[in-house]
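Undergrad: Here's a structure for you.
Only the coordinates and a few stated rules stand behind these numbers; no lab work does. Keep in mind it's a predicted model, so treat the numbers as computed, not measured.
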Amino acid sequence: MSRRWLLVFPVLFALALVTLPLYGEALFEDEPVSSEPAPVLPPNPCPLGRPDAEVRHPNAYTDRAAPYSGSGVHPVLFVNAGDGVGDVGRPYDTWSLRVPVEWDAEGEPESAVQLIVCEYAVSAGEVATTCTYGGAHEVDFLHTSYAYRVFEARTSRPVAEFTLESGDVCPSSVDADNGGRPDYRMLQSPREEDLVNALRPLVET
């Protein structure tokens, strides 16, 4: 090795030590992070407001829920999706899942749900029954027609549609003070057994 190379080599080595980290940063520099927020998916496929509205797809269950296949119980998520009957109250137990507990997917992760049942109150008529609460408060329950749409949770594929009329059983509890005003007219719920019988062929086959 010549004397000139012996003098130049330390200089080149020092330059390499300085420039290589910079070159490496350029090679492995992270991609710029987008400031755009991730799109918010609808929570379920149920059409909003009325049963003939557009199905919401994709949604939180798309490709995450369990396939609707096989035999045995297919877990159900029950969604109150719309009241097209104006400003009329609903009893507490109308909002709860009125199906056998072994069908109930309420509170379960998306991966456990197979079917989503969307309920719509589509019309209300005359007083069907009057119930007394607290020994003093009378509440009139209106005869109500309901429409149901059932979807496979994973794909939003329609599985079934059916309608039910309300029953004449007094709900166990009501919200008698709706927004600061007494709420003495409410929608009557369907009979629990009618809803279970309509869903049984879909859930237990």
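Undergrad: Residue by residue through segment 105-112, what is 3J(HN,Hα) from phi via Karplus (6.51 cos²θ - 1.76 cosθ + 1.60, θ = phi - 60°)? Round to whole Hz and write x for glycine and proline.
TA: 3J(HN,Hα) across segment 105-112, in whole Hz: 9, 4, x, 7, x, 4, 5, 8.
Undergrad: I've got another one for you. Name the long-range amide H neighbours of Gln188: under 5 Å, sequence gap of 5 or more, or other chain; modelled H, no Pro or chain starts.
TA: For Gln188, whose amide H was placed from the backbone, the distant partners under 5 Å are Leu142, Thr144.
Undergrad: Would you mind classifying segment 35-128 by shape? Square roots of the alpha carbon gyration tensor eigenvalues, ordered a ≥ b ≥ c; an a/c under 1.5 is rounded, otherwise it is prolate if a/b is larger than b/c and oblate if not.
TA: Oblate.
Undergrad: Okay, moving on. Check which residues have an amide H placed less than 5 Å from Thr129's amide H, if you skip close sequence neighbours.
TA: Phe141
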